[in-house]
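S.K.: The structure under discussion is supplied below as structure tokens; questions concerning it will follow.
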């Protein structure tokens with residue numbers, strides 16, 4: 001028997017077949033996201049064992065972020081960098097979007113817990129998940145029972161999560177339920193994107209960050 005508390009913690013999972021229509025209501029086009037995923041793959045694949053060990057993962061993240069924000073900025077999204085954390089915010093809709101390298105469950109719709117950040121995140125991510133946002137707060141979202149109908153996706157700070165497996169990059173755009181001790185604690189909505197697979201010569205060249213590698217930031221206060 002499902003209790004009231006359990007029902008409120010149920011995660012809405014939108015599969016790849018419904019992802020385009022769902023994200024369209026957030027003014028996000030899947031081709032823009034996959035273009036960013038591809039850019040990250042190319043950047044990571046250009047790094048060799050002579051580069052610093054974090055080079056492939058950092059390059060993937062940087063180019064994924066840069067291309068995604070650039071594509072979104074062609075529309076009604078605005079780039080900003082609170083606490084040096086790159087974010088896109090919509091001018092008219094109550095949505096924010098950030099990019100995070102995540103763990104193996106990323107993009108697996110029936111995984112019982114869903115993904116986590118590949119590395120524990122800092123105060124900037126905590127503030128994004130827990131802060132007040134236009135029209136509705138994340139705290140309010142947590143008290144709501146998700147409803148999978150034709151209503152608009154819940155307002156909040158969403159995340160593009162990606163994971164580079166052996167032969168593919170899996171990704172999703174998801175709304176966290178909470179954040180504690182540097183990690184996401186669950187998901188209100190998970191929108192599973194079509195997997196991205198390298199083709200041609202890129203398919204034979206595996207980047208050094210296969211299996212997951214993320215970028216972490218330490219934010220320090222500087223005396224003025």
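S.K.: Counting residues that are modelled with pLDDT under 90, which strands (runs of 3 or more DSSP E) fully inside region 124-224 reach at least 1? Give the derivation first.
M.R.: Details: elements: 156-164, 169-180, 183-192.
Answer list for region 124-224: 169-180, 183-192.
S.K.: Given the condition over 20 Å from residue 163 (Cβ atoms), in a loop (DSSP other than H, G, I, E, B) and modelled with pLDDT under 95, answer yes or no: does some residue in region 69-78 qualify?
M.R.: The answer is no; no qualifying residue exists.
S.K.: Spot the failing condition for residue 69; the list is (1) closer than 19 Å to residue 29 by Cα; (2) in contact with a helix residue (DSSP H, G or I) (Cβ under 7 Å, 6 or more places away or on another chain), and only one is missed.
M.R.: Of the numbered conditions (1) closer than 19 Å to residue 29 by Cα; (2) in contact with a helix residue (DSSP H, G or I) (Cβ under 7 Å, 6 or more places away or on another chain), the odd one out for residue 69 is (2).
S.K.: Can you find a residue that is at pLDDT below 95, in a helix (DSSP H, G or I) and surrounded by 16 or more Cβ atoms within 10 Å (Cβ to Cβ) anywhere in region 44-54?
M.R.: Checking region 44-54: at least one residue is at pLDDT below 95, in a helix (DSSP H, G or I) and surrounded by 16 or more Cβ atoms within 10 Å (Cβ to Cβ).
The values are calculated or read from the model by the stated rules, or taken from the named source; none is laboratory data. This structure is a prediction, so every number in the text was calculated from the model and none was measured. As a convention, Cβ positions derive from the backbone with ideal geometry for all residues, glycine included, and neighbour counts pool all protein chains shown.
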